[in-house]
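*Asks:* Have a look at this one before I ask anything.
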Amino acid sequence: FHGIISREQADEILAGVEGAYILRESQRQPGCYTLALRFGNQTLNYRLFYDGKHFVGEKRFESIHDLVTDGLITLYIETKASEYISKMTTNPIYEHIGYATLLREKVSRRLSRTKNESRKASVTSEENTPVEKITSLVRRAALTQNDNHFNYEKAHNFKVHTFRGPHWCEYCANFMWGLIAQGVRCSDCGLNVHKQCSKYVPNDCQPDLKRIKRVYCCDLTTLVKAHNTQRPMVVDSCIREIEARGLKSEGLYRVSGFTEHIEDVKMAFDRDGDKADISASIYPDINIITGALKLYFRDLPIPVITYDTYSKFIDAAKISNPDERLEAIHEVLMLLPAAHYETLRYLMIHLKKVTLHEKENFMNAENLGIVFGPTLMRPPEDSTLATLNDMRYQKLIVQILIENEDVLF
């Protein structure tokens with residue numbers, strides 16, 4: 001550290017010593033520090049920061065020496081191969097590497113193709129005629145035929161990663177340079193690429209089950225792709241159990257089970273996955289199972305009705321004309337990610353069955369809407385006021401989805 005000196009003085013000290021560096025305090029801004037680095041026969045000056053680690057850009061380093069080492073590597077590569085680096089992403093080998101080969105069959109056919117075809121249908125209303133119902137038989141038949149092809153689109157979950165030893169990008173097949181944080185790795189599937197290459201990788205992440213540490217609190221699309229299922233197995237398992245022994249239970253979904261037992265079910269799914277035992281011999285109170293299902297939906301990082309579509313659903317619920325409102329809701333449903341759409345569809349079919357036993361369980365579509373409104377949809381901003389203002393519309397949306405399940409899905 002050379003105290004408060006000028007750029008010119010720093011240049012004199014470093015002159016002729018390639019790769020040398022000094023630290024100095026800024027003359028113009030006392031208390032601010034600069035890294036002066038000699039490279040390419042000139043002195044380069046970088047504003048230096050510290051937050052427990054040293055950094056001049058995105059990368060954090062334990063020592064100034066490591067920072068300079070990484071910087072010299074990067075400067076050398078960018079100087080000697082700048083033209084090549086700029087062309088790396090234009091001719092990648094992504095389609096020819098092993099990772100992409102494994103995915104080729106999976107990305108060739110997608111479940112959403114059927115869904116896209118169904119989107120061409122629309123809910124139409126003419127003067128003095130009721131809304132024309134959209135049959136869901138074709139779509140359901142197609143879903144059944146595609147049971148083994150759950151090719152939902154999913155973006156990679158890239159995070160900066162430090163590779164030990166030489167490593168190559170799996171998109172452009174070029175070397176990853178630098179001392180630390182040489183590239184990014186998808187925490188869901190393990191794909192390793194340059195940070196700049198990550199912008200060009202298609203949304204074809206196929207999560208590795210070994211990387212999924214838990215079931216609850218896991219992104220919905222990530223979970224279903226990791227397990228290669230149409231819907232989260234928590235939803236399938238719980239609904240199957242509820243329909244087998246609980247449809248006539250009074251206050252179904254409204255009555256709460258013991259919190260400790262619900263947490264036990266959560267831990268069982270996190271630990272055992274689809275092998276979790278939630279049978280009557282273990283949990284005789286069906287309200288424990290309904291509580292576990294509701295907890296799963298509440299714990300999703302992105303709700304079943306996503307943040308992106310939340311305001312559109314609320315706006316649709318505010319439409320006074322029933323036919324126009326139904327059409328608007330249908331249009332917004334088509335904006336949901338495929339896995340979210342399928343999960344919501346399956347849940348609404350189930351809740352419709354619950355309402356068929358209203359005489360025994362006292363749960364109609366409105367009551368279920370009150371329960372599931374805040375569970376399935378949350379405002380993007382964490383605002384108590386917004387949540388309170390939207391509660392009646394959340395309830396109405398779920399009520400309409402249940403009552404018109406055969407029309408909207």
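The values are calculated or read from the model by the stated rules, or taken from the named source; none is laboratory data. All of these numbers come straight from a predicted model, not from anything done at the bench. Glycine also receives a Cβ, built like all others from the backbone with ideal geometry; neighbour counts cover every protein chain displayed. Note: accessible area is taken over every heavy atom of the protein model, side chains too, but ligands, DNA and RNA are not part of it. Shrake-Rupley method; radii C 1.70, N 1.55, O 1.52, S 1.80 Å.
*Asks:* Which residues in segment 29-50 have a backbone N closer than 15 Å to a point placed 7 Å from the Cα of Phe1 along the Cα-to-Cβ line?
*Replies:* Flagged as within label range: 30-36, 48-50.
*Asks:* Given the C-alpha centroids of segment 187-261 and segment 1-40, what is the distance between them in whole angstrom?
*Replies:* If you average the Cα positions of each part, the centres end up 54 Å apart.
*Asks:* Let me ask something else about it. With the other protein chains left in place, how much accessible area per residue, in square angstrom, belongs to segment 221-283 at a 1.4 angstrom probe?
*Replies:* 48 Å²
*Asks:* Same structure again: Loop-only chymotrypsin sites (Phe, Trp or Tyr not before Pro) in segment 219-269, please: DSSP not H, G, I, E or B, and at most 14 other Cβ atoms within 10 Å.
*Replies:* Phe258
*Asks:* Then there's this: Could you calculate the FRET efficiency of Glu83 with Cys217 from 1/(1 + (r/R0)^6), where r is the beta carbon distance between them and R0 is 56 Å, rounded to 0.05?
*Replies:* FRET efficiency, Glu83 to Cys217: 0.80.
*Asks:* What trypsin sites (Lys or Arg not before Pro) does segment 1-74 have in DSSP loop regions with at most 11 other beta carbons within 10 Å?
*Replies:* On the way: sites: Arg7, Arg24, Arg28, Arg38, Arg47, Lys53, Lys59, Arg60; in loops: Arg28, Lys53, Lys59, Arg60.
Here the trypsin sites (Lys or Arg not before Pro) that fit, given the DSSP loop and packing criteria, are Arg28.
*Asks:* Return the lysines within reach of Lys294: Cα separation strictly under 20 angstrom, same-chain partners fewer than 8 residues apart disregarded; answer none if there are no such residues.
*Replies:* The qualifying lysines are Lys248, Lys266, Lys275, Lys352, Lys353, Lys395.
*Asks:* For segment 191-315, I need the span (max minus min coordinate) of the C-alpha atoms along each principal axis, in Å, sorted largest to smallest.
*Replies:* Its Cα atoms span 56, 40, 24 Å along the three principal axes.
*Asks:* May I pose another question? Cβ neighbours within 10 Å, averaged per peptide: list 348-358, 316-326, 383-393, 223-233 in order, most packed at the top.
*Replies:* By packing density, highest mean first, the sequence is 223-233, 348-358, 316-326, 383-393.
*Asks:* Taking R0 as 22 Å, what FRET efficiency do you get between Lys210 and Lys275 from their Cβ-Cβ distance, rounded to the nearest 0.05?
*Replies:* E between Lys210 and Lys275, to the nearest 0.05, is 0.85.
*Asks:* Quick one: go through segment 180-211 and flag any residue whose amide nitrogen is under 14 Å from the point 7 Å out along the Cα-to-Cβ line of Glu58.
*Replies:* 180-186, 193-201
*Asks:* Also, quick follow-up: Please list 69-75, 339-345 highest first by mean number of surrounding beta-carbon atoms within 10 Å per residue.
*Replies:* Averaged packing, sorted descending, gives the order 339-345, 69-75.
*Asks:* Which FRET efficiency, nearest 0.05, do Glu260 and Lys159 yield, Cβ-Cβ r, R0 45 Å?
*Replies:* Numbers: r = 35 Å, r/R0 = 0.77.
The pair Glu260/Lys159 has a calculated efficiency of 0.85.
*Asks:* Also, quick follow-up: What GluC sites (Glu not before Pro) in segment 240-276 are in a loop by DSSP, with at most 14 other Cβ atoms within 10 Å of the Cβ?
*Replies:* Qualifying residues, ordered by number: Glu250.
*Asks:* May I pose another question? Given a 1.4 Å probe and every protein chain left where it sits, what share in percent of the accessible area of segment 307-407 is carbon and sulfur?
*Replies:* In segment 307-407, the share of accessible area belonging to carbon and sulfur is 51 percent.
*Asks:* Give me the percent of accessible area attributable to carbon and sulfur for segment 7-87, probe 1.4 angstrom. Show your work: numbers first, answer last.
*Replies:* On the way: 2590 of 5160 Å².
On segment 7-87, the fraction of accessible area on carbon and sulfur atoms equals 50 percent.
*Asks:* If you count only protein heavy atoms with a 1.4 Å probe, what accessible area per residue comes out for segment 307-407, rounded to a whole Å²? Write out the running numbers ahead of the final one.
*Replies:* Details: 4380 Å² over 101 residues.
Averaged over the residues of segment 307-407, the accessible area is 43 Å².
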